[in-house]
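Colleague: Here it is, the structure in full.
Taken together, the values in this text are just the output of simple stated rules run on the coordinates, not laboratory data. Small disclaimer: the values here were computed from a predicted structure and weren't measured. Cβ placement follows ideal geometry from the backbone for every residue including glycine, while neighbour counts extend to all protein chains displayed.
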Amino acid sequence: MRYLSVCSGIEAATVAWHGMGWIPVAFSEIEKFPSQVLKHHYPSVQNMGDMTKFEEWNLESVELLVGGTPCQSFSVAGLRKGLDDPRGNLMLTYGAIAKRFKPKWLVWENVPGVLSSNGGRDFGTFLGMLAELGYGFAYRVLDAQYFGVAQRRRRVFVVGCLGNWRAAAAVLFERDSLCGNPSPSREKGKGVTAYAKSSFAQYRPDQIGGTLKASGGDLAGGSETFVTWPAEICSTLNANFGSKLGLENQHINEGAPMSVPQVMQHMAVRRLTPVECERLQGFPDGYTNIRENCPDGPRYKALGNSMAVPVMRWIGQRIGQINDL
């Protein structure tokens with residue numbers, strides 16, 4: 001599968017799909033640090049830069065278009081300007097790129113706030129545009145915690161297939177749920193993994209850390225997920241643990257042997273390290289540590305803006321299965 005990635009960030013899609021033999025035709029990213037990460041890891045893949053200049057791109061065949069256009073205008077926490085915000089209009093640019101290159105498959109991601117932006121009309125405009133382009137589509141809210149990472153991260157995913165809505169639906173939905181028999185949700189377990197922010201200066205114990213954010217947080221400059229362990233030695237996020245869906249780098253190790261350092265916390269609350277944030281998103285350790293003395297701030301921001309790797313891997317695997325039928 002040859003794919004074009006727009007709003008590429010640090011390329012969760014490529015990390016997720018490289019083991020499947022899929023090939024990136026090109027990236028499109030304008031932010032400085034993510035672009036440096038792309039150049040470091042994928043020097044042979046051209047970064048086309050500004051996606052609004054797509055008409056100037058001379059690319060070979062594209063079978064899949066993937067991207068998560070900027071979510072600020074669709075975030076519940078944002079100003080909710082929707083399509084009146086130029087950043088939100090990039091989702092229309094995404095459609096124009098699909099029209100030009102005519103890939104068989106589309107994968108688009110955004111925050112759940114897009115569903116209610118402008119009373120749902122913005123998202124309806126996007127779906128209507130895909131239909132006009134000839135794509136059958138399906139959309140679903142997926143939460144990264146159910147794919148093996150230790151954070152709640154709900155995102156809307158739209159999958160489109162040229163001329164075939166059934167194929168798109170088969171990617172995002174299991175056969176049982178399509179028949180009206182959804183599998184039971186995971187029961188809430190016991191124990192404390194993190195203290196999630198519940199109100200100003202207040203925290204509540206929780207099993208799963210909160211959403212990894214690109215900015216903000218009480219300590220400034222990064223995630224609002226904080227980890228605590230009361231008066232005992234406990235593991236940090238383990239790089240070599242995780243059995244669900246055959247994933248790695250996904251779980252907090254609760255008592256199992258591990259090779260990474262352990263930390264002592266006495267009812268202390270601390271910000272996650274960049275490596276722990278990489279693990280929360282499913283990236284390899286040090287993926288964003290691209291040079292000596294690499295600053296933490298850009299790493300936090302890039303990781304907070306990224307898609308979760310295991311979710312993208314699942315979607316890619318499902319597309320591969322359907323595409324081979």
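Colleague: At 0.36 nm per residue, minus the direct Cα-Cα distance, what do residue 116 and residue 52 gain on full extension? Give it in nm, one decimal, please.
Modeller: Taking residue 116 through residue 52 to full extension adds about 20.5 nm, to one decimal.
Colleague: Mind listing the phi-derived Karplus ³J(HN,Hα) values for region 154-159, rounded to whole Hz, using 6.51, -1.76 and 1.60 with θ = phi - 60°, and x for any glycine or proline?
Modeller: 8, 9, 7, 10, 10, 10
Colleague: List, in order, the whole-Hz ³J(HN,Hα) value for each residue of region 115-132 obtained from phi through the Karplus relation with A = 6.51, B = -1.76, C = 1.60 and θ = phi - 60°; use x for Gly and Pro.
Modeller: 5, 10, 4, 6, x, x, 5, 4, 5, x, 4, 5, 5, x, 5, 4, 4, 5
Colleague: Okay, moving on. Go through region 274-284 residue by residue and turn each phi into a ³J(HN,Hα) via Karplus (6.51, -1.76, 1.60, θ = phi - 60°); whole Hz please, and just put x for glycine and proline.
Modeller: x, 5, 5, 5, 4, 5, 5, 9, x, 7, x
Colleague: A follow-up question, please. Would you mind calculating the gained length between residue 60 and residue 291 on full extension (0.36 nm times residue separation, minus the Cα-Cα distance), in nm to one decimal?
Modeller: Between residue 60 and residue 291, full extension yields 80.0 nm more.
Colleague: Given H placed on each backbone N at 1.01 Å, which residues far from residue 47 in sequence or on other chains put an amide H within less than 5 Å of it?
Modeller: Under 5 Å from the amide H of residue 47 lie the amide H atoms of 27, each far enough along the sequence or on another chain.
Colleague: Please rank 314, 22, fewest neighbouring Cβ atoms within 10 Å first, as an exposure proxy.
Modeller: Starting with the residue having the fewest Cβ neighbours, the order is 22, 314.
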